[in-house]
1. Which residue is surrounded by the most Cβ atoms within 10 Å (Cβ to Cβ), if the candidates are limited to the range 17-49 and must be among the small types (G, A, S) and outside any helix (DSSP H, G or I)?
2. Go through (1) more than 14 Å from V10 (Cα to Cα); (2) surrounded by fewer than 17 Cβ atoms within 10 Å (Cβ to Cβ); (3) among the aliphatic types (A, V, I, L, M); (4) at pLDDT 95 or above and name the single condition V121 misses.
3. Can you pull out every residue in the range 145-162 that is part of a helix (DSSP H, G or I) and either of a type in the set (S, T, N, Q) or without any contact (Cβ under 8 Å) to a residue 12 or more places away in the chain (or both)?
4. Could you count how many residues in the range 97-125 are of a type in the set (A, V, I, L, M), within 22 Å of F51 (Cα to Cα) and over 19 Å from the mean Cα position of the chain (by Cα)?
5. Among the numbered criteria (1) over 22 Å from L53 (Cβ atoms); (2) within 17 Å of the chain's Cα centre (by Cα); (3) exposed (fewer than 15 other Cβ atoms within 10 Å of the Cβ), which one does F133 miss?
6. With respect to the numbered conditions (1) surrounded by 12 or more Cβ atoms within 10 Å (Cβ to Cβ); (2) modelled with pLDDT under 95; (3) closer than 17 Å to E25 by Cα, which one is the sole condition not fulfilled by G161?
7. Just a yes or no: is a residue in the range 66-87 closer than 12 Å to D21 by Cβ, modelled with pLDDT of 95 or more and among the small types (G, A, S)?
Amino acid sequence: MTISMHRITVPVYDQMLTNLDFVLERGAAFAAETGLAETELLDRRFAPDMFTLGHQVDRACFHARQAIAKLADIPAPALPEALATDIADARARIADTLDFIREVAEDALEGDPEREITITVRLGDLTLPALDFILHIAHAQVYFHCTTAYDLLRAEGVQIGKIDFLGKVMKDVFKDR
């Protein structure tokens, strides 16, 4: 069986970022209902050394862009340097990221799953076979930041649940319940 690099990346990141966009929309409604400033919501974090909600959104977008760009061997479009100041801005970053990953041609992502992909992390350069990069680094990064953003919103009191995190796949199957 041949692994399609496109099939195991773009639809996965599309789903995760679309779901992140949805829970942020619910976060905006929550902020409006409770009078909480969106900037305060975006500044929430679980621990002093953790990224804020705004950073979590930024990093989820960064890692999805980076993964697709690395696989296609093209430059990733840069995210704005400053973090989002409101939820509309955070959602615009997600929309821009979704546009990018959806526009990359399927065949641009294909190729030898053993080809080397090099990324720079805090500790230095990390080189892995492409398939390992996807399965053990890129997916983990996107899921981590989307999950942490979801958890921050949920901890704040935003009425979201697991089905919102899992998104369209679950909603389509269980639409009548």
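1. Per the criteria, the residue is A37.
2. Answer for V121: the failing condition is (4).
3. Result: T147, T148, R154, K162.
4. Here the count works out to 1.
5. Going through (1) over 22 Å from L53 (Cβ atoms); (2) within 17 Å of the chain's Cα centre (by Cα); (3) exposed (fewer than 15 other Cβ atoms within 10 Å of the Cβ) one by one, F133 breaks only (3).
6. Condition (1) is where G161 drops out.
7. no
Condition check ((1) touching a Pro at 6+ places or on another chain (Cβ under 6 Å); (2) closer than 27 Å to E110 by Cα; (3) small (G, A, S)) across all residues:
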position: T2; (1), (2), (3): no, yes, no
position: F22; (1), (2), (3): no, no, no
position: A29; (1), (2), (3): no, no, yes
position: E38; (1), (2), (3): no, no, no
position: A47; (1), (2), (3): no, no, yes
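The values are calculated or read from the model by the stated rules, or taken from the named source; none is laboratory data. Quick caveat: nothing in here was measured; it's all calculated off a predicted structure. Counting neighbours? That spans all protein chains shown, and the Cβs are built from the backbone with ideal geometry, glycine included.
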